[in-house]
Every structure is written in C-alpha cells, then in structure tokens.
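Engineer: Submitted below is the structure of interest, expressed as structure tokens.
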Amino acid sequence: MAYAKDLWMRSRTILGACLLALAASLPARPADKLNVVTATTDLAALATEVGGDRVTVTSIAKGYQDPHFVEAKPSFLLTLKKADLLVVVGLELEIGWLPPLITQSGNPRIQPAAQGYFDASQFAEILEIPTAQVNRAMGDVHPMGNPHYWLDPQNGLRVAAGLAKKFSQLDAGGSAYFQQRLDDFKRRLTAASQRWDEQMKPFRGRKVITYHRSWPNFVKRFGLQVAEYVEPRPGIPPSPAHVVELIALMKRENIKLILVEPYFDLKTPQSVARATGAQVVVLLPSVGGDKNVPDYISLFDQDVKLLVQAFQQAK
Ligand SMILES: [Zn+2]
C-alpha cells in the first residue's frame, strides 16, 4: 500500500511538472485577445479604457521616460513580433527609436501601411504646425507640429474613439463591447473634465514657463499661457545666454512657475527659480510617470492638483 501511495504521489508530481511544462510552452496570453502594443503609456491607457478584457496592452516606453528618446532594447522586438496592432503617437515623436524596431520585428501586421498600424495623431487636434520648413540642422524635434497632443482630454477622447473603430475592424465580434466601453470612458472623462475646469478656473490667464514644449494642448484647454521655454527649441538644451534672457523675462512679467517634465535635469530650472523667486513644479506628461497616475484620468487629476497648489502658493 505504501508503495502504491508513493507511486501515486510521484505520478502526481510528474503530472504536475508536465502541466507546468505545457503551460510554459503555451503563449502567455490567450490567442483570442487582440494583442495591442503602444509606443507610449498614454496610448496604452486609452487602449485599455476602450479594449477592456478583449485586448492585452503593452507599452514600449515607460511613463517616466522622455518619449522622444527611448533606448531600444532587444525585448522590444519580441513584443512587436507578437503584436496584432501597433499604436503610435506619430508626428515623428518616435522617429529616433521606433522605425528600425518595426522593420526588424519582421511582423507584417504592424508595418506602417498595414491594417495593424495606428497613428493616433490622425485623430487629434494638432497645434504648432510649422508654417515654414523646419530646419532639421537646428535639431527641432517637433517638425510636424506638436506631438504632445494627448495632454488635452478632448484629444484623449478622440483617440479613444479612433481606437474603438480600429479594434472593431480587427475584432468584429467585440464592436458592441468596445462602443459601450468608449461611451463609459466618455461619461467619466466628461465628468472629470468639468471638475478640472472648475479647479483651474481661478488661474485662467496665468503665465508659466515650461521646460519642453509638452503642454500647448494642456494650456489651451485650461486657459494658461506659456511665456517662454527653458529649452530654446524643442530638444535643444538651454544655453547660458538663453537662461539670462529667460530670467529677465520672468522678472519683467512676474512669472512664478516653471513646469518641468520628470526626465529633465532640475539644475537649470532651479537656478532660474532662485534668481526669480519662482517655484519649480515637476508636472507629469504621461501616465505611469509616478505611482499616483495609473490611468488617463488620474494623470489630469494629479497635474491639476499640483498646478492648483503651486498657483495658490505663488499668489
Ligand atoms: Zn516634444
């Protein structure tokens, strides 16, 4: 009996090991879900809002990284190989790192002309579109217009609506589900937008300095003005001469806030702040920039909260 029991235990162990091996050899994600890969976390957040349980979503860039400059890793290729849909910000935001990865992935579904390539900028209101040819030698990283358009909740909604259509094309059985999720997102976003407008209302017309040109859609939405940038041009680090001019302007116009994205060195903004009596506010341009902003709505909750606090202190 003891022998039989031992054999049973052992065969159970072997069976368990076989099952584990089988599980390991299966794809990690159920094949019936749409495999969505996004360039950035903001697009991932919007895809998750709309796609729910019918999609798996992976962002290549992290929310605390500068989306213009993401270091390519071999693991990105594996992620892209398995994608059914690739969602990009577009307007050349990812030009420094994503195109070679798309080519090298060898995945025909996500090549730029394919059904599974989604350029979210096609759905958004784009600001700062250059009227003259931008000279690339100047290093301007916004040659097609401002690519930080997701920082207007209305653009987030437009992109979400575009995604709902695209998901329905690729997974026709889910179209009612995607529409219902889009409607629900719209309801929550509209309610939240009214709250943000109310909170920001006392500060309409205020002037701020920002490090990079990340915020034109955001400031337009909330009625703020960007008087100048720490970077003389998008992607170009501040020169000493530019810093001197910036300090003079801030003193002249009594500007008390410098908004800095979390991936820039705080040294220059802090020395400008010391010279002008201004505050440096690290404002998050992306979902996942810290643990308080796991989704699209909480990103605005956090940024509006930080701005309101800063304006109140700056009186
Ligand atoms: Zn930029």
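Engineer: Just tell me, in residue order, which DSSP H segments of the chain are both 30 angstrom or longer along the helix axis (alpha-carbon based) and at least 0.0 in mean Kyte-Doolittle hydropathy.
Structural biologist: Values: long enough: 2-25 (34 Å, 0.73); 175-200 (36 Å, -1.30).
Counting only whole DSSP H runs, the qualifying helices are 2-25.
Engineer: Tell me, what HN-Hα J-couplings in whole Hz come from the Karplus equation 6.51 cos²θ - 1.76 cosθ + 1.60 at θ = phi - 60° for each residue of the range 116-123, using x for Gly and Pro?
Structural biologist: Each residue's phi maps through the Karplus curve to give x, 10, 10, 9, 5, 5, 4, 9 Hz.
Engineer: Taking θ = phi - 60°, what integer Hz values does the Karplus form 6.51 cos²θ - 1.76 cosθ + 1.60 yield along the range 221-231, in sequence order, with x for Gly and Pro?
Structural biologist: 4, 10, x, 9, 10, 9, 7, 6, 10, 5, 7
Engineer: Taking amide hydrogens as modeled 1.01 Å from N in the peptide plane, which residues meet the under 5 Å criterion relative to L257, leaving out close sequence neighbours?
Structural biologist: Those lying under 5 Å, H to H, from L257 are I209, Q279.
Engineer: Another one. Charges only on Cβ, +1 for Lys and Arg, -1 for Asp and Glu: so what's the dipole of the chain about the Cα centre, in debye to the nearest 20?
Structural biologist: With only Lys, Arg, Asp and Glu charged at Cβ, the dipole is about 540 debye.
Engineer: In the range 209-315, what percent of the accessible surface is made up of carbon and sulfur (1.4 Å probe, ligands and nucleic acids excluded)? If you can, show how the numbers build up before the last one.
Structural biologist: Values: 2330 of 4610 Å².
That fraction is 51 percent.
Engineer: For the range 65-177, with the dipole built from +1 on Lys and Arg beta-carbon atoms and -1 on Asp and Glu ones, taken about the Cα centre, which of G162, H148, V89 lies farthest toward the positive end?
Structural biologist: G162
Engineer: Taking the Cα centre as origin and putting +1 on Lys and Arg beta-carbons and -1 on Asp and Glu beta-carbons, what dipole magnitude results for the range 254-315, to the nearest 20 debye?
Structural biologist: It works out to roughly 360 debye.
Engineer: Give the lysines whose C-alpha is closer than 26 Å to that of K267, dropping any in the same chain fewer than 8 places away, or say none.
Structural biologist: Cross-link targets: K62, K207, K251, K256, K291, K305, K315.
Engineer: When all alpha-carbon pairs of the chain are counted, what percent fall beyond 37 Å?
Structural biologist: Of all Cα-Cα pairs in the chain, 26 percent lie more than 37 Å apart.
Engineer: I want to verify a result. In a Gaussian network model of the chain, Cα cutoff 10 Å, which of these has the top mean-square fluctuation: S286, S214, S105?
Structural biologist: Maximum among the listed residues: S105.
The values are calculated or read from the model by the stated rules, or taken from the named source; none is laboratory data. As the structure is a prediction and not an experimental result, all values here were calculated from the model. So basically every Cβ, Gly included, is an ideal-geometry build from the backbone, and we count neighbours across all protein chains shown. Quick note on the areas: whole protein, heavy atoms, side chains included, nothing else; ligands and nucleic acids left out. Shrake-Rupley method; radii C 1.70, N 1.55, O 1.52, S 1.80 Å.
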